[in-house]
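Below is one structure, written out as C-alpha cells, with a few remarks after it.
No lab work stands behind these numbers, since they all come straight from the coordinates. The structure displayed is predicted, hence computed values, not measured ones. FYI the Cβ positions are ideal-geometry reconstructions off the backbone, even for glycines, and counts take in every protein chain you see.
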Amino acid sequence: MSDQTAKTAVVPATHAAPPAKFSHGVRKGNILQVAGQVGFLPAVPGEAPTVAGPTLREQTLQTLANVKSVLEAGGASWDDVMMLRVYLTDVAHFAEMNEIYNTYFDEQNLKDAPAARTTVYVGLPAGLLIEIDALAVLG
Amino acid sequence: MSDQTAKTAVVPATHAAPPAKFSHGVRKGNILQVAGQVGFLPAVPGEAPTVAGPTLREQTLQTLANVKSVLEAGGASWDDVMMLRVYLTDVAHFAEMNEIYNTYFDEQNLKDAPAARTTVYVGLPAGLLIEIDALAVLG
Amino acid sequence: MSDQTAKTAVVPATHAAPPAKFSHGVRKGNILQVAGQVGFLPAVPGEAPTVAGPTLREQTLQTLANVKSVLEAGGASWDDVMMLRVYLTDVAHFAEMNEIYNTYFDEQNLKDAPAARTTVYVGLPAGLLIEIDALAVLG
C-alpha cells in the first residue's frame, strides 16, 4: 500500500521520459495532476517521440489516450477528473475537436459528471495541433 | 444534503449547455472547479449564445458574472476562489481589464485575500475578448 | 500558529504589489496557489518593476526565484509543487528553457518527484519572455 501523503511520480509504461525534469503525473493524497500531454505514440526505447499522425483526429485521440494512461497509472480514471485544459493551435479546429471529444467520452461511459474544461488557442511546437492537461481529485 | 465526496456537476440556471461534453462547474469534496467562462448573456432557450457586447468592459463584467454564477451554484463565493486564469486576446487590454477587475472586486466586498491570478494572451473564437476560469477551495 | 482553514494571502517581502486586486499567492488548508510570476527583480519601493534582463536565461532564473519566494512565504518548498505552468512567447525558446530548468532543479536537490508541467506559447507584455505559475499541495 503506497503512502498517500507522499508526493509520487506517476509514470505510465507507455510514455517516453519527459523532455525536461518534470513528471508526466504526480500524486499526493487524493490529488493527481497530469502534465500537458500531446499526441505522441507509445514510446519506442531509443527512438525520438513520434506523433500519432498529422490530423486533429489522430492527435486528439492519442492525446486523450495519453492523459488516460497517466490517470490509470496514478490509480484514477476519467470519472475523477475535475478539469481538462485543452490547448489548440487553430480556432477553426474547435468544432471538430468537440465532435471527437464527445464521441470519445460517450465511449468512456462516465458514471459521474463530465469534467470542467477550458479551451484556448496557443502556439505549440511544429507538427502538434493539441495539448491537454488534467487535474483529478480521487474519491 | 448532497454527498460532498461525490463529484457533481454544477449547473447555473442562467447558463446554456456547454458546446461539448463538459460541465460549467464540478464539485468534489471541498474543491470546486469552474470551466472557462466567456461573456455570454444568460441563455435564452432555443437560441444560440449571445455575447454581452463588443467591448472589453461588457465582456469582462459578464464573464465575471458567469464565473460567480457557477461558484454560487456550487455553494461557493468569490471568497473561496484560490486562482483565476484570465485569457485575453490583446496585450493592449491589460490595463483596462485591471481597472474593470479592481472596481468589480471592490464592489464584491471580499472578506478574504484576493485570489491568485495568471493573465496570458491567447486566441479565442471570433468576437470574444476574454475568458476566465477559476479554482475554488471551500472552507 | 496560523489558522490553516482560513484563506490567507502569501506576500513575499521582495515582491512589488500586484498590478491589480490579486495575490501573489494564497493558501487555504494544505493548498497553496502561486500566481503567474515573471522575471521582475526584487521590488524597490517607489519604483516600477524592473525585468531581470533581456535574455531568456535571466528571466527564467528570476521567474523561478520569484515562484520559490512565494512558496517559501507560504510555508512550502519546491518539493510540494504539483504543477508548473510555463508560458513562453517563442517556440524556439523551448530547448534553452529546458536546459536552464533542468540545471536549476538539479541544484534544488528535490527529495520528491518533480512537478508535472505544461508549456504553451502565448503572448506576454512587451519585454517579457516567460511566465510561470504553480499549484502546491503541502504534506
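Amide H to amide H, with H built 1.01 Å from N, A:MET83 comes under 5 Å of A:ALA116, A:LEU135, counting only residues 5 or more places away or on other chains.
Could you work out the helix-only [θ] at 222 nm for the protein assembly as shown, with each DSSP H run of four or more residues adding -39,500 (n - 2.57) and the total divided by the number of residues, to the nearest 500 deg cm²/dmol? Using -39500 (n - 2.57) per qualifying helix, the result is -8000 deg cm²/dmol.
The ratio of the alpha-carbon radius of gyration of chain B to the globular-protein estimate 2.2 N^0.38 Å is 1.03. Listed by chain and number, the lysines whose alpha-carbon sits under 29 Å from that of C:LYS111, ignoring those within fewer than 8 places in the same chain, are A:LYS7, A:LYS21, A:LYS28, A:LYS68, C:LYS7, C:LYS28, C:LYS68.
Converting phi to 3J(HN,Hα) with the Karplus coefficients 6.51, -1.76 and 1.60 and the offset θ = phi - 60°, the range A:80-86 yields 8, 6, 8, 8, 10, 10, 10 Hz in sequence order, with x at every glycine or proline.
Report the relative contact order of the range C:7-47, percent, no decimals, based on alpha-carbon pairs under 8 angstrom and at least 6 residues apart.
Values: 42 pairs, mean separation 16.2, N = 41.
Relative contact order for the range C:7-47 comes out at 39 percent.
DSSP beta bridges in the range C:8-137, what fraction antiparallel, as a percent rounded to 5? Mind dumping the intermediate values first?
Working: 20 of 26 bridges.
Restricted to the range C:8-137, the bridges split so that about 75 percent are antiparallel.
Which shape class applies to the protein assembly as shown: rounded if a/c is under 1.5, otherwise prolate when a/b exceeds b/c and oblate if not, where a ≥ b ≥ c are the square roots of the Cα gyration tensor eigenvalues?
Working: a/c = 1.19, a/b = 1.00, b/c = 1.19.
Verdict is rounded for the protein assembly as shown.
Picking from A:PRO49, A:PRO12, A:PRO125, which is most flexible by a Gaussian network model of chain A using Cα springs under 10 Å? Highest fluctuation among the options: A:PRO125. Amide H to amide H, with H built 1.01 Å from N, A:GLN37 comes under 5 Å of A:ILE132, A:ASP133, counting only residues 5 or more places away or on other chains. The label-point distance for A:ASN102 and B:GLU58, in a model that sets each label 7 Å from Cα toward Cβ, rounds to 2.8 nm.
Couplings 3J(HN,Hα) of the range C:63-79, computed from phi: 5, 5, 4, 5, 4, 4, 4, 5, 4, 5, 5, x, x, 10, 9, 4, 5 Hz, in residue order, whole Hz [Karplus 6.51 cos²θ - 1.76 cosθ + 1.60, θ = phi - 60°; x for Gly and Pro].
Couplings for the range A:48-62, taken from phi via the Karplus curve 6.51 cos²θ - 1.76 cosθ + 1.60 with θ = phi - 60°, read 5, x, 10, 6, 4, x, x, 8, 4, 4, 4, 6, 5, 5, 5 Hz in order; Gly and Pro are left as x. Write out the chymotrypsin sites (Phe, Trp or Tyr not before Pro) in the range C:86-139 meeting two conditions: DSSP loop, and at most 15 other Cβ atoms within 10 Å of their Cβ. Within the range C:86-139, no chymotrypsin sites (Phe, Trp or Tyr not before Pro) qualify (loop, at most 15 other Cβ atoms within 10 Å).
On the beta carbon distance between C:THR5 and B:ALA6, with R0 = 25 Å, the FRET formula returns roughly 0.65.
Each Lys and Arg adds +1 at its Cβ and each Asp and Glu adds -1 at its Cβ; summed about the Cα centre, chain B shows a dipole of about 480 debye.
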